[in-house]
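Step one of this worksheet: look at the structure below.
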Amino acid sequence: MAEEPGLYEAMSTLRAVRRLKPNPIPNAVLRRVVQAAAWAPTGGNVQPWRVLLVTDAELRRGLGELYREPWARYAAMSRKAIEALPAERRAVTERTLAAGDYLSAHFHESPVIAVFCFNPASMAITDAGLDRPSVVGGGSVYPAVQNFLLAARTEGLGCVLTTLLCQREAQVKTLLGIPPEWGTCAAVPLGYPLRRGHGPLSRRPIEKLAYADRWGVEYK
């Protein structure tokens, strides 16, 4: 394995990698990535998540078939939304959508598809009664997903967080034998990059994201 990147380098280069080789991932590597997910914090240290590491070819094919239609619908809406943009800005989104098209067509070829699940009965969802969509429960699940992604980056694996399969949750649960009380929250195709893989990210500067003491007060 190449020299491991430092934490800040891994974070700042954790690009969504949608073009993956079908080559198998050594079990020792996969175990390290899953161990990283297990180190993530959760409310009350309950760890109300599980991950299914799908390597069976027929199951991966089934997941790929379920992914295809939601992606096609999302991509069509996205392409329509950017029609009026200047060509240069439109080209950036088109490149991302083209990579998404590739992932959709080759989803089943990913050597591992990690399906993350959660049990809401084991979560303290403190915002459940508010007049807005609840997000707090995700705080006991998505840190594990992020640790998984960062560890994959460290191991030289390509990965991307996807959630479109949640639109087909009933079929996914049937396919993978997931118990009724558990839900799905992410599917991460995992494999060695077909092209460059990870690299510099495009993100807003922190001055656009952080405020000093009160909303709207510039943070310097």
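The values are calculated or read from the model by the stated rules, or taken from the named source; none is laboratory data. Nothing here was measured: the structure is a model prediction, and the numbers come from that model. Glycine also receives a Cβ, built like all others from the backbone with ideal geometry; neighbour counts cover every protein chain displayed. Heavy atoms of the whole protein, side chains included, go into the accessibility calculation; ligands, DNA and RNA do not. Shrake-Rupley method; radii C 1.70, N 1.55, O 1.52, S 1.80 Å.
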Going through (1) within 27 Å of Ala98 (Cβ to Cβ); (2) in contact with a strand residue (DSSP E or B) (Cβ under 8 Å, 6 or more places away or on another chain) one by one, Val51 fails only at (1)
Residues in the range 27-86 that are part of a helix (DSSP H, G or I) and among the acidic types (Asp, Glu) total 3
Result of the Cβ filter at 6 Å on the range 1-21, keeping first residues that are under 19 Å from Arg32 (Cα atoms) and partners that are among the β-branched types (Val, Ile, Thr) and open to solvent by 30 Å² or more (accessible area, probe 1.4 Å), at least 6 apart or interchain, is Glu4/Thr154; Ala10/Thr154
Residue set Ala187, Ala151; condition in contact with a Leu (Cβ under 6 Å, 6 or more places away or on another chain) and either in a helix (DSSP H, G or I) or surrounded by 17 or more Cβ atoms within 10 Å (Cβ to Cβ) (or both); output residue Ala187
Selection over the range 1-51 where residues are open to solvent by less than 50 Å² (accessible area, probe 1.4 Å) and in contact with a helix residue (DSSP H, G or I) (Cβ under 6 Å, 6 or more places away or on another chain) yields a count of 10
Restricting attention to the range 91-144, the residues that are in a helix (DSSP H, G or I), touching a residue at least 40 places away in the same chain (Cβ under 8 Å), open to solvent by 40 Å² or more (accessible area, probe 1.4 Å) and under 21 Å from Gln171 (Cβ atoms) number exactly 4
